[in-house]
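Here is the structure we will look at.
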Amino acid sequence: DGFPFFLRDRRQLDVASLRNDWTYQVGEKAIVRGGVEAKTGESSYDYALTHQRTAVSNGVQVVATENVNAALKPAGSAGAAFVSARVRPFKPLVLEPGLRFDRHDYTRDSEWNPRLNAALDLAGTTMRAAWGAYAQSQGLHDLSVADGERRFGRAERAEHRVLGVERPLGRTVALRVEAYERITSRPRARW
């Protein structure tokens with residue numbers, strides 16, 4: 001079943017990217033970080049599938065032919081910027097709030113994503129907590145053309161939560177235990 005068949009699957013992705021990060025020490029208790037990223041790319045999909053399979057129609061066995069064809073050349077650009085500030089309001093506590101902006105023109109996504117990290121040192125044991133919102137846009141190479149996908153979907157959104165404890169066990173070994181949770185919204189179709 002499924003024979004004869006013909007399959008052609010040629011794909012190409014060309015990307016040019018520029019990224020720059022900065023770090024500035026404000027004083028003993030604060031560091032500011034920031035960065036930008038710009039990306040442009042184009043891809044091509046040349047996909048063709050023809051195959052036959054056996055099916056039953058009105059109680060009669062028949063041969064059905066399926067054809068899937070795609071010749072696409074999506075292109076686009078993306079940009080991102082982030083800023084965060086690591087501050088130590090008092091000796092055992094470190095806080096790092098941050099914000100990231102992402103834009104992808106080929107998916108029409110523009111997302112603001114806040115984040116917050118914290119670490120508290122209690123007599124050599126470090127308690128950590130992190131929370132953040134993340135957007136994952138579909139890449140130019142991510143179309144599932146074999147399954148009929150021809151347009152890019154919206155960015156998936158995820159909320160990450162982390163709680164952890166770290167304790168040194170001598171001079172060169174440490175024990176770290178973490179709990180991690182990811183909550184996804186707006187998931188893309190999976191084929």
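The values are calculated or read from the model by the stated rules, or taken from the named source; none is laboratory data. Predicted, not measured: the structure shown is a model, and the values here were computed from it. Using ideal geometry, Cβ is built from the backbone for each residue, glycine included, and neighbour counts are taken over all protein chains shown. Just the protein is used for accessible areas: all its heavy atoms, side chains included, with ligands, DNA and RNA removed. Shrake-Rupley method; radii C 1.70, N 1.55, O 1.52, S 1.80 Å.
Below, the figures for the structure above:
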| read-out | value |
| --- | --- |
| Close pairs from the range 50-73: first within 19 Å of Arg151 (Cα to Cα), partner open to solvent by 80 Å² or more (accessible area, probe 1.4 Å), Cβ under 9 Å, at least 6 apart | Ala70/Arg150; Leu72/Arg150; Lys73/Glu42 |
| Subset tally (residues that are in contact with a strand residue (DSSP E or B) (Cβ under 9 Å, 6 or more places away or on another chain) and either open to solvent by less than 60 Å² (accessible area, probe 1.4 Å) or of a type in the set (A, V, I, L, M) (or both)) for the range 157-171 | 10 |
| Among the residues listed as Ala123, Ala174, the single one being out of contact with any strand residue (DSSP E or B) (no Cβ under 9 Å at 6 or more places or on another chain), of a type in the set (A, V, I, L, M, F, W, C) and open to solvent by 50 Å² or more (accessible area, probe 1.4 Å) | Ala123 |
| Check on Thr54, over 29 Å from Phe152 (Cβ atoms), modelled with pLDDT under 90 and of a type in the set (S, T, N, Q) | yes |
| Single residue of the range 43-87 satisfying the filter (among the basic types (Lys, Arg) and part of a strand (DSSP E or B)) that is surrounded by the fewest Cβ atoms within 10 Å (Cβ to Cβ) | Arg53 |
| Matching residues in the range 1-22 - criterion: being loosely packed, with under 11 Cβ neighbours inside 10 Å and part of a strand (DSSP E or B) | Phe6, Arg8, Arg10, Ala16, Ser17, Leu18, Arg19, Asn20, Asp21, Trp22 |
| Verdict on Ser84 being touching a residue at least 24 places away in the same chain (Cβ under 8 Å), within 30 Å of His51 (Cβ to Cβ) and of a type in the set (Ser, Thr, Tyr) | no |
| Among the candidates Arg190, Arg154, residue that is surrounded by 10 or more Cβ atoms within 10 Å (Cβ to Cβ) and charged (D, E, K, R) | Arg154 |
| Tally, over the range 23-42, of residues that are in a strand (DSSP E or B) and either open to solvent by 60 Å² or more (accessible area, probe 1.4 Å) or β-branched (Val, Ile, Thr) (or both) | 11 |
| Any hit, the range 11-23, residues being more than 26 Å from Tyr134 (Cα to Cα) and free of Cβ contacts under 8 Å to residues at least 60 places away in the same chain | yes |
| Filter result (aliphatic (A, V, I, L, M) and within 23 Å of the chain's Cα centre (by Cα)) within the range 86-108 | Leu99 |
